[in-house]
Amino acid sequence: MTEVKTAAQGPVVVMKRYELKYILSGEQTSFLVKELEGHMQIDKYGLTSIASLYYDTPDYRLIRASLEKPEFKEKIRLRSYGMANDESPVFLELKRKAYGIVYKRRVQTTIPLVKKFFTGYGDICAGGQINTEIKTFRDYYQNLEPACLIIYDRTAYFEPGGDLRLTIDHNPRYRFDNLSLSYSMDGTSLLKPGWSVLEIKVQDAMPLWLADILSRGKIYKGSFSKYGEAYRQQLLKA
C-alpha cells in the first residue's frame, strides 16, 4: 500500500475525457498487465489505496437517477489517498457525464472545510468558475450528506508522451456505515475474489494496439458504477 502525498498538479483541476469501463477476472487482469509492457508505464505512486466518500440526498436521489442510465448524470464525492485526518489533503470532485463524455471538477481541500461547506457555509475554494459550479450543485440538491464509501487498491498506468491513462482497481469494496475517511480502509467486496475494474481514460480514440490487446483477452466494455453496484447490493440485503 502506497501513501500518496498529493495527486494533483495544483489545488484545482478540470478534466474532460471519455472513460471506458471493464470488469476483469483474475486471469484477464494478469493477461492485460503482461501485454501492457512496452506500451504503458505504472505511475510513480504504484499501488495506491483510494477512498471515495459519495454525498447524496437522504432518499439517494443522485444514485437512483444515475442507475436509470440517462444521457446526463452527475455525482459529487470526497476522495482521499489512504486514510485521511483533518490536516490531510483531500479532493472534492464534481463529476458529470453527458453523452459519453466525462467532465470532472476537482478541488484540493480538507475534511473540516468540506463538512462546513455541506452545512451551507462558505465556499470550497477561492472563488472562480469551479467554486460556482460546486456551490450551485450543493444548493440545488440541498441536504447532501455522506451516503456511501467506496474503497479500492488502484494501479494507474500512463502512456509516455501521450494522453492515454488506464487504471486497474483491485478489491473494490464499500461501506454504508462508518462513513469517514479517517475510520478504516475496510469494506464489503463488490466483486468476486480476484476480480477487478479496468478504466480506460482517453481524450479521443483508443489506440489500435490497445484495442487489439482487449480483443485477444476477450475483455469487453460494460457499464459499471462502483457506487451504483454498492447501492444495488445494499438494496438486496435490505
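The values are calculated or read from the model by the stated rules, or taken from the named source; none is laboratory data. Bear in mind the structure is a predicted one, so any value in this text is a computation, not a measurement. Glycine gets a Cβ as well: all are built from the backbone with ideal geometry, and neighbour counts include every protein chain shown.
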Looking at (1) over 14 Å from the mean Cα position of the chain (by Cα); (2) at pLDDT 95 or above; (3) part of a strand (DSSP E or B), which is the only condition L47 fails?
(2)
Can you name the residue in the stretch 135-152 that is at pLDDT below 95 and of a type outside the set (D, E, K, R) and is also nearest to the chain's Cα centre (by Cα) among such residues?
F137
Can you find a residue in the stretch 109-132 that is among the basic types (K, R), within 21 Å of the chain's Cα centre (by Cα) and within 30 Å of P207 (Cα to Cα)?
no
Condition broken by T155, with the remaining ones in (1) among the polar types (S, T, N, Q); (2) assigned to a loop (DSSP other than H, G, I, E, B); (3) modelled with pLDDT of 95 or more satisfied
(2)
Every listed condition ((1) within 30 Å of T57 (Cα to Cα); (2) touching a strand residue (DSSP E or B) at 6+ places or on another chain (Cβ under 8 Å); (3) of a type in the set (F, W, Y)) holds for Y220 save (1)
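Yes/no matrix, rows are residues, columns are (1) assigned to a loop (DSSP other than H, G, I, E, B); (2) hydrophobic (A, V, I, L, M, F, W, C):
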residue: L94; (1), (2): no, yes
residue: K97; (1), (2): no, no
residue: R106; (1), (2): no, no
residue: P112; (1), (2): no, no
residue: K116; (1), (2): no, no
residue: C125; (1), (2): yes, yes
residue: N131; (1), (2): no, no
residue: F137; (1), (2): no, yes
Among (1) at pLDDT 95 or above; (2) of a type in the set (A, V, I, L, M, F, W, C); (3) surrounded by 18 or more Cβ atoms within 10 Å (Cβ to Cβ) - the single one I130 does not satisfy
(1)
